[in-house]
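Below is one structure, written out as structure tokens; the observations come after it.
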DNA sequence: ACAAAAGTGTTCCATATACACCCATGT
DNA sequence: ACATGGGTGTATATGGAACACTTTTGT
């Protein structure tokens with residue numbers, strides 16, 4: 001009987017250039033050498049699945065504080081030509097401000113817009129599509145958008161995040177009304193200095 | 001290194017006595033001998049996760065045609081005292097009309113209301129809670145309720161399913177308005193003969 | 001002065017909610 | 001006749017969608 005392995009793969013998402021982008025790593029080893037793949041790796045004997053995802057993300061991308069959520073488990077017996085490998089997929093969200101100090105085994109990492117992906121290794125394309133679908137749905141009924149922004153942000157920043165995820169433009173007045181009357185955000189006593197006219201900065205208002 | 005195993009466990013739900021109930025099987029083997037557990041078992045080398053769930057459900061409960069959806073993967077390294085066992089949890093929905101011919105290795109199967117569970121083996125209680133949460137949410141934005149009914153049903157039947165899942169009573173007129181104007185159901189040329197006054201039978205209207 | 005993004009209200013429509021009585025059938 | 005569940009409409013409240021102009025700043 002072939003050896004059974006379990007891996008975690010992570011769809012790491014951020015907003016760059018007003019687009020939803022994800023991090024891919026170019027494989028050097030076979031199979032799928034020189035193809036891009038999701039960051040991820042084998043689950044160790046004594047670690048939980050979540051811990052494995054956090055560790056792989058740190059090792060391969062240098063990303064540390066991150067929103068992480070389990071997505072789906074892919075277990076087609078032929079998804080990996082090397083043998084039976086079941087993968088537990090996660091998605092992760094980081095503000096673009098987080099710097100990437102790519103680890104030693106991830107020298108060839110790059111961001112790609114979710115709408116313009118290169119050819120991917122394994123069934124990773126399917127995993128990415130699933131992650132994209134999930135975050136679009138989740139935006140409707142959660143505050144998941146904040147995970148992609150720094151602690152202080154303008155309402156325009158937040159709107160751009162929503163637009164990038166949904167792939168459509170939103171009405172400014174309706175958007176601001178919705179956000180403010182849900183009391184999801186609180187203004188802070190600061191104004192953004194970028195661009196022309198200073199904009200009110202806000203923060204996510206979970207605590208008070 | 002300990003051997004790594006992957007199992008599937010299935011939360012099989014139905015409506016009985018106007019309550020959401022699930023099927024549990026009394027374990028005979030150690031660990032957790034004589035405790036109730038979810039139907040499930042090891043994933044075979046050459047079968048997909050979905051196929052394993054279908055197979056285990058058939059073997060252990062005799063249930064065949066069934067709505068099945070992957071729920072979440074539980075991988076705490078200490079969730080099974082025998083070693084490292086990662087389980088991919090599913091939930092399944094069947095009309096109560098489906099008969100159970102419990103298989104040889106499931107002689108001690110019984111239905112329990114989700115709100116009144118016995119002490120369960122492993123982390124199965126957590127899995128059940130997760131399934132209950134998922135189906136309640138899913139009811140809002142899908143037609144998942146039909147999976148718990150036979151092909152032809154009355155609107156009262158459907159309302160009872162919703163009430164059982166949500167755990168609250170619903171207004172009859174509002175419920176019927178919502179269901180009928182979404183064109184989710186179609187009347188058939190038949191009337192239920194049970195009880196006092198015959199009720200219009202409907203069917204789910206996916207096709208046409 | 002002009003360019004660029006910030007900020008701000010009202011109207012309309014669709015959907016959800018609250019609420020009570022008559023009807024058809026079997027016993 | 002009565003008990004049981006089947007069936008029906010209206011008024012109100014709430015949330016989403018459409019829609020355009022003025023303000024503030026830097027150059």
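The values are calculated or read from the model by the stated rules, or taken from the named source; none is laboratory data. Just so we're clear, the structure is a prediction, and the values are computed from it rather than from any experiment. Cβ atoms come from the backbone with ideal geometry, glycine included; neighbour counts cover every protein chain shown.
Of the strands (runs of 3 or more DSSP E) lying entirely inside segment A:1-70, the ones with 3 or more residues being over 14 Å from residue A:121 (Cβ atoms) are found at A:4-16, A:19-26. When you look at residue B:163, is it away from chain A (no Cβ under 14 Å), more than 9 Å from DNA strand D (Cβ to nearest atom), surrounded by fewer than 18 Cβ atoms within 10 Å (Cβ to Cβ) and assigned to a helix (DSSP H, G or I), yes or no? For residue B:163, the condition - away from chain A (no Cβ under 14 Å), more than 9 Å from DNA strand D (Cβ to nearest atom), surrounded by fewer than 18 Cβ atoms within 10 Å (Cβ to Cβ) and assigned to a helix (DSSP H, G or I) - is met. If you filter segment A:130-157 down to residues that are within 16 Å of DNA strand D (Cβ to nearest atom) and part of a loop (DSSP other than H, G, I, E, B), you find that the one that is farthest from the other protein chains (Cβ to nearest Cβ) is A:154. Taking the criterion of being at pLDDT 90 or above and under 13 Å from the mean Cα position of the chain (by Cα), the residues of segment A:62-74 that qualify are A:63, A:66, A:67, A:68, A:69, A:70, A:71. Applying the set (1) surrounded by fewer than 17 Cβ atoms within 10 Å (Cβ to Cβ); (2) closer than 24 Å to residue A:9 by Cα; (3) within 16 Å of DNA strand C (Cβ to nearest atom) to residue A:136 leaves exactly one unmet item: (3).
In the set B:121, B:183, which member is under 19 Å from the mean Cα position of the chain (by Cα), away from DNA strand D (no atom under 11 Å from the Cβ) and either surrounded by fewer than 16 Cβ atoms within 10 Å (Cβ to Cβ) or in contact (Cβ under 8 Å) with a residue 40 or more places away in the chain (or both)? Being under 19 Å from the mean Cα position of the chain (by Cα), away from DNA strand D (no atom under 11 Å from the Cβ) and either surrounded by fewer than 16 Cβ atoms within 10 Å (Cβ to Cβ) or in contact (Cβ under 8 Å) with a residue 40 or more places away in the chain (or both) holds for just one of B:121, B:183, which is B:121. Residue count for segment A:73-89 satisfying the condition of being facing chain B (nearest Cβ under 9 Å) and crowded, with 21+ Cβ neighbours inside 10 Å: 6.
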